[in-house]
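First comes the structure, then the notes that go with it.
Computed from the coordinates by the stated procedures, all read-outs in this text should not be read as laboratory data. On a predicted model such as this, the values are computed, not experimentally measured, just so you know. Cβ coordinates were reconstructed from backbone atoms using ideal geometry, including for glycine residues, and neighbour counts include every protein chain displayed.
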Amino acid sequence: MPHPALSADHTAVVTGGASGIGLAAAGRFAALGMNVCIADVDDARLHAAAAKLAPLAKRGEAIMTAKVDVSRRDSVVDLEAKVRQRFGAVDVLMNNAGIQPGSKMFGPEDNWQRILGVNLWGIIHGSQVFAPDMIAQGTPALIINTGSKQGITTPPGDPAYNVSKAGVKAFTEALQHELRNTPNCKVTAHLFIPGFVFTPLTANGRVEKPAGAWTPEQTVDVMLDRVSAGDFYVLCPDNDVPRALDERRILWAAGDIVENRPPLSR
Ligand code: NAI
């Protein structure tokens, strides 16, 4: 049973929606008969994404594209206004835009600012700008924030990315507390941690999906199933986060995060 927010004629906004995981999610929302706003910073990708999704939309006007830079609050405020003007309510917000250009511990500050700006501030801006109106609607609604297992296990290398994604986890948990403690609030926030997904972000020049990688559609299907089942943390099954945490003897809300379900095949 899909979550009630995922109903035909409801509206989903996906940041970073013009590529990879975001585009696959936008496609799934469109196929459910939802209105979809594909929000992205890249004009060429937005154009291509709109053409790709048009056949999935039940009506031409159900898909809109919007240029946004999630690292800038004014840009996200502008996005919210445009979506509300076009579709009215927002039922699903997927804060998914992310970059991984690489970073070094003692590297230039502007690179750290850029990575934290998109990956962490983007999620904060999206949640803070959209959530109050979503709460006020009084109907079931979803905020889905895309994190990464690197924000939990902090492997060596790419410290700025790890820090940004650790922030996504912490921010999403803070938002969950806030929503739980808000009277009559029907909005829930979910931390989505994809596995290794073959997208432009991870392709590194490869054209073929490496063995063991997920397609964006596969990981989005898991995410939608688990969010619909009420999971606040969605860890794709090939993630070794619980094992990695155990090996490093880090205790972290194991009851919340360890999956009790059988692994899904790919
Ligand atoms: P992708 O590179 O295919 O798509 C990311 C999209 O975000 C692009 O269309 C890009 O133009 C957009 N974007 C970049 N900066 C933006 C900004 N300032 N404002 C708005 N949009 C912006 O990447 P992918 O793989 O689909 O990643 C999506 C999310 O999933 C990211 O947050 C990434 O960190 C996360 N992730 C991906 C994994 C993977 O294996 N692909 C694994 C774990 C997490």
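Skipping prolines and chain starts, which residues have an amide H placed within reach, meaning under 5 Å, of the one on V41, given they are 5 or more residues away or on another chain?
Distant-sequence amide H within range of V41: G16, V68.
Taking only the alpha-carbon positions of the chain and ignoring solvent, what does the Debye formula give for the base-10 log of I(q)/I(0) at q = 0.13 Å⁻¹?
-0.81
Gap in Å between the Cα centre of the range 1-71 and the Cα centre of the range 120-166?
18 Å
Above 14 angstrom, tally the Cα pairs of the range 79-141 and express them as a % of all pairs, no decimals.
63 percent
Between beta-carbons, use under 15 Å as the cut-off and find the net charge around A89, counting Lys and Arg +1, Asp and Glu -1.
Net charge in that neighbourhood comes out at 0.
Compare the Cα positions of G33, A12, I123 along the charge dipole of the range 11-257 (+1 at Cβ of Lys, Arg; -1 at Cβ of Asp, Glu; about the Cα centre) and return the one farthest towards the positive end.
Ranked along the dipole, the leading option is G33.
With a sphere of radius 10 Å drawn around the Cβ of H190, what net charge do the other residues whose Cβ falls strictly inside it have (Lys, Arg +1; Asp, Glu -1)?
Overall, the nearby charge balance is 0.
Given Cβ point charges of +1 (Lys, Arg) and -1 (Asp, Glu) and nothing else, what value in debye, to the nearest 20, does the dipole of the chain about its Cα centre take?
180 debye
Compute a Gaussian network model of the chain, connecting alpha carbons closer than 10 Å, and tell me which residue from L224, L93, L201 fluctuates the most.
Of L224, L93, L201, the most mobile in the Gaussian network model is L201.
What do you get for trypsin sites (Lys or Arg not before Pro) in the range 20-83 restricted to DSSP loop and a cutoff of at most 10 other Cβ within 10 Å of the site's Cβ?
Here the trypsin sites (Lys or Arg not before Pro) that fit, given the DSSP loop and packing criteria, are R59.
For A49, what charge total do you get from the other residues with a beta carbon under 11 Å from its beta carbon, if Lys and Arg give +1 and Asp and Glu give -1?
Taking every other residue near A49 into account, the sum is -1.
Equivalent-ellipsoid semi-axes (√(5λ), Cα gyration tensor) for the range 62-173, whole Å, largest first?
28, 15, 10
Counting Lys and Arg as +1 and Asp and Glu as -1, each charge on the Cβ, what is the dipole of the range 91-206 about the Cα centre in debye, to the nearest 20?
300 debye
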